[in-house]
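Would you mind keeping the following structure in view while I ask a few things?
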Amino acid sequence: MSKSNEPILNKLFKNSNTFIEEAIQTNREEFIKVVESRRSVRIFNDSKVDEQDMLKCLELSLLSANSSNLQSWEFYWVRDIDKKKQLIDYCLGQPAATTAQELVVCVARPDNWKLNTNLMLNLFKEKELPEAVSTYYKKIVPLAYNQGLFGLFGLLKKISTFFIGLKRPIPREPVSFNDMKIWAQKTTALACQTLMLGLRAFGYDSCPMEGIDSYKIKKLLKLPKKAQICMVISVGKRAKNGVYGKRFRLNKDRFIKIV
Ligand SMILES: Cc1cc2nc3c(=O)[nH]c(=O)nc-3n(C[C@H](O)[C@H](O)[C@H](O)COP(=O)(O)O)c2cc1C
């Protein structure tokens, strides 16, 4: 492939990268144990969650893969007693919330892409990074995530991608604020999973909840209209009868397609 025909991301990164990070050895048995023993726990016992453990698990979740490294997530660990009471009510009084030791509201922020882009660009000033990285945030990111006033730029992108897409592969989304919601939710959900697996690895249990009143939770946390509640995660240690039943899944052939 001639250099001028090379995909833009290859041009930006592949050719100029000199950074080396070796893959460290990990323990697959321990990972399997963590994944297999994570269950949605609906009843927690009275054991407290160590504050440092909780903070570490939250910090680890920030290492999750995320789109364009724009970190379109926020995690509100609700510790204030009155707010927590309200939050339990807004989790519809589910046992997973009423018995939880701790509650974390996981929020997707599709509206923060520009702010985080600027924060990233400021951060780059202190780091020695290839020019390509700042070019990506200055040129590609605004093109990809800006939807413009009343979504008009998004609409324009949708039309032009349709025509360009007749000739070559091109990213089709996000081209609306709804797409941006999906964009931010994907990233936030990945961090939610890291949080739950992290908690399990630290000896705790969790339950993700979307049976919640997202509107009231947004009000409680004084979040802007465009913020999206991804889920609330309850945390603690499982009570003896905390798991509702043996885990089962549909046949894996329905989901894993080798094509
Ligand atoms: C996005 C999401 C929302 C969920 N919402 C609730 C909920 O509101 N209440 C609840 O008890 N469980 C909830 N769950 C837990 C699922 O019911 C549970 O993950 C599923 O039954 C599989 O069980 P397991 O997590 O133990 O493997 C939710 C899970 C996810 C991923």
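The values are calculated or read from the model by the stated rules, or taken from the named source; none is laboratory data. Being a predicted model, the structure only gives us computed values, none of them experimental. No Cβ is skipped: glycine too gets one built from the backbone with ideal geometry, and neighbour counts run over all protein chains shown.
Please determine whether any residue of region 197-217 is at pLDDT 95 or above, over 29 Å from Gln52 (Cβ atoms) and of a type in the set (Lys, Arg).
To start, the set of residues in region 197-217 that are at pLDDT 95 or above comprises 197-217.
After this cut, where a residue has to be over 29 Å from Gln52 (Cβ atoms) as well, the list is 211, 213-216.
Checking the rest, the ones that are also of a type in the set (Lys, Arg) come to 216.
Scanning region 197-217, I find at least one residue that is at pLDDT 95 or above, over 29 Å from Gln52 (Cβ atoms) and of a type in the set (Lys, Arg), so the answer is yes.
Related question: Of the residues that sit in region 144-169 and are touching a residue at least 12 places away in the same chain (Cβ under 8 Å) and outside any helix (DSSP H, G or I), which one is surrounded by the most Cβ atoms within 10 Å (Cβ to Cβ)?
First, the residues of region 144-169 that are touching a residue at least 12 places away in the same chain (Cβ under 8 Å): 144-147, 151, 154-155, 157-158, 161.
So of that shortlist, the ones also outside any helix (DSSP H, G or I) come out as 146-147.
Values: Asn146: 15, Gln147: 22.
My answer is Gln147.
Does Glu173 fit the bill of being crowded, with 20+ Cβ neighbours inside 10 Å and of a type in the set (D, E, K, R)? First the steps, then the outcome.
On the way: crowded, with 20+ Cβ neighbours inside 10 Å: no; of a type in the set (D, E, K, R): yes.
It is false that Glu173 is crowded, with 20+ Cβ neighbours inside 10 Å and of a type in the set (D, E, K, R).
Filter region 202-234 for residues that are part of a loop (DSSP other than H, G, I, E, B), within 15 Å of the ligand (Cβ to nearest atom) and in contact with a strand residue (DSSP E or B) (Cβ under 7 Å, 6 or more places away or on another chain) and give the result. Give the steps one after another, and end with the answer.
First pass over region 202-234, keeping only residues part of a loop (DSSP other than H, G, I, E, B): 202-204, 210-213, 221-227.
Filter again for within 15 Å of the ligand (Cβ to nearest atom), leaving 204, 210-213.
Passing the criteria: Tyr204, Glu210, Ile212.
How many residues are free of Cβ contacts under 8 Å to residues at least 24 places away in the same chain and touching a strand residue (DSSP E or B) at 6+ places or on another chain (Cβ under 8 Å) if we restrict to region 77-107?
3
Output the residue which, of all residues in region 235-247 that are touching a Lys or Arg at 6+ places or on another chain (Cβ under 9 Å) and not in a loop (DSSP other than H, G, I, E, B), is farthest from the ligand (Cβ to nearest atom).
Gly236
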